[in-house]
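**Q** Have a look at this one.
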């Protein structure tokens, strides 16, 4: 087949026109690699090879387009290209090329992710680790990053979160609040031994105003069904189940 003419297009593409009335869009890298600007003819077998090779560059530029908007992990790029139906060969080519060029670097991604999570969120190290694992980051790449989340920093974060929750507490007894704090901190990815240490050293004063408010709420509810000694028993039972003693007048 004879190459009749070329046409330069945007985004580093060239269209080549063959004498069989077919045309193909190839990336500049392919044009240079196969010297298509110099070559006058092309065999069908070689054309198929070029088309396949061009597909590798297509997957590369597809990934690069995403990476210019936001950084991604190697696994996220792999999933993106898989969803777009690129072959394993093209995906491997794209990822390997992007890694060599520094556009994909899971170790740097992990460091940035951990640093930002420490500054902008209330997540503990275990939760951050789980999120990095979901993004396909291996322990080799995230362990060093998590070193930034020191035990001292973890204690400070836990103390601040506890203080904030105590100040915003409007309906829980000291006992129930401490239990809820422990569960919330575990769910947020903090280490249980550090949570326990900080909670054990934290004194939560019982708030009589909260007790009175809760007492009144359940009095209004239960007095519709009970009265006298039975009402008093039901109220005590409810208050104790919530961790309250009977409120002082």
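**Q** Being touching a helix residue (DSSP H, G or I) at 6+ places or on another chain (Cβ under 8 Å), at pLDDT 85 or above and more than 30 Å from residue 158 (Cβ to Cβ) is the filter here; which residues of region 202-218 pass it?
**A** Result: 218, single match.
**Q** Could you say which residue among 156, 76, 131 is touching a residue at least 40 places away in the same chain (Cβ under 8 Å), out of contact with any strand residue (DSSP E or B) (no Cβ under 7 Å at 6 or more places or on another chain) and part of a helix (DSSP H, G or I)?
**A** Selected residue: 76, the only one of 156, 76, 131 that is touching a residue at least 40 places away in the same chain (Cβ under 8 Å), out of contact with any strand residue (DSSP E or B) (no Cβ under 7 Å at 6 or more places or on another chain) and part of a helix (DSSP H, G or I).
**Q** Going through region 159-171 one residue at a time, which ones are assigned to a helix (DSSP H, G or I) and touching a residue at least 24 places away in the same chain (Cβ under 8 Å)?
**A** Passing the criteria: 159, 161, 162, 166.
**Q** Of the residues that sit in region 4-49 and are over 43 Å from the mean Cα position of the chain (by Cα) and in contact (Cβ under 8 Å) with a residue 40 or more places away in the chain, which one is surrounded by the most Cβ atoms within 10 Å (Cβ to Cβ)?
**A** Only one residue fits best here, namely 42.
**Q** Just give me the residues in region 134-145 being in a helix (DSSP H, G or I) and surrounded by 19 or more Cβ atoms within 10 Å (Cβ to Cβ), in sequence order.
**A** Matches in region 134-145: 141, 142, 145.
The values are calculated or read from the model by the stated rules, or taken from the named source; none is laboratory data. Because the structure is a prediction, the values reported are computed rather than measured. Counting neighbours? That spans all protein chains shown, and the Cβs are built from the backbone with ideal geometry, glycine included.
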